[in-house]
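Below is one structure, written out as structure tokens, with a few remarks after it.
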Amino acid sequence: MRKTLTGQKLIVTIVKKEKAKKIIEATKKAGARGGTTLYGEGFRKGDKDHFFGIPIVREREIIFTIVNGNISEQVLDCIIQAGCLNKPQQGIAFVINVNDVIGMHLAEEGTKKVCDYDKEALEKMDDPTIQYDLIITIVNKGDSEKVVESSKKAGAEGGTIISGRGTGIHEKAKLFNILIEPEKEVVLTLIDKEKTREVLHAIEEGTELHKPGKGIAFVLNVEKAVGINHLFKKMVKEKCRDHQ
């Protein structure tokens, strides 16, 4: 029988290019065993796509860190500090429950020294009234732009595009245990739960996911998110002003 680890958390961190190394080093000091870095493109609502006719590519690094639940908070705190996620437009990180894990050393992580951080700044970011979902869309190469445009029109504030390729004839890339065939693109969209259905429907219509062979989209519940709260707080304030 296979051995599995339970009570694990997956921390997904999305930052600007060349920040991943510093963040992984910080997570190790907090007790994590390491991380996996992927590369992609980011987009934000209101960003310009071209400059003097030249396409703008916003390169991003996506870090997957699996840790035991009892150290997930301290690892997340160190990620925030190392990536400056308590400042606007520096990146985001979010936590997802993992049912079970195989292929990892089964020894429990020990609690190591936690990095110093600004508790007041973190408390301001941690708003329990805002809950999030992660929409993962896997489409054929070239269709990710349709996903991006559809999600932005439906109210999404941003997202990240990952190119998925198999590494060999007998080895395929996987994301969240979902097989990514060659020439596929993956779009990660972190969204306020109140907008999930609307954005998901827009993605389905914009990319024709109801047709065979077009792709797949699914939603994961996010336990906690940092680095994006300021956007939604701004939206809440604007709504309040509109109703006054």
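The values are calculated or read from the model by the stated rules, or taken from the named source; none is laboratory data. Everything numeric in this text was worked out from a predicted model, so none of it was measured. Here the Cβ positions follow ideal geometry from the backbone for every residue, glycine too, while neighbour counts run over all protein chains shown. Just the protein is used for accessible areas: all its heavy atoms, side chains included, with ligands, DNA and RNA removed. Shrake-Rupley method; radii C 1.70, N 1.55, O 1.52, S 1.80 Å.
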TODO: Could you please tell me which pairs satisfy a Cβ distance under 6 Å, a separation of 6+ or placement on different chains, a first residue in the stretch 199-213 that is over 11 Å from residue 143 (Cβ atoms), and a second residue that is in a loop (DSSP other than H, G, I, E, B) and open to solvent by less than 70 Å² (accessible area, probe 1.4 Å)?
DONE: 199/154; 199/156; 202/154
Open item on the list: With the structure loaded, tell me whether residue 231 is open to solvent by 40 Å² or more (accessible area, probe 1.4 Å), at pLDDT below 85, within 23 Å of residue 15 (Cα to Cα) and of a type in the set (A, V, I, L, M) or whether it fails that test.
Closed with: yes
Open item on the list: Here are the criteria: (1) surrounded by 12 or more Cβ atoms within 10 Å (Cβ to Cβ); (2) in contact with a strand residue (DSSP E or B) (Cβ under 7 Å, 6 or more places away or on another chain); (3) at pLDDT 60 or above. Tell me which single one residue 155 does not satisfy.
Closed with: (2)
Open item on the list: Taking the criterion of being open to solvent by less than 60 Å² (accessible area, probe 1.4 Å), closer than 23 Å to residue 61 by Cβ and within 15 Å of the chain's Cα centre (by Cα), would at least one residue in the stretch 211-219 satisfy it?
Closed with: no
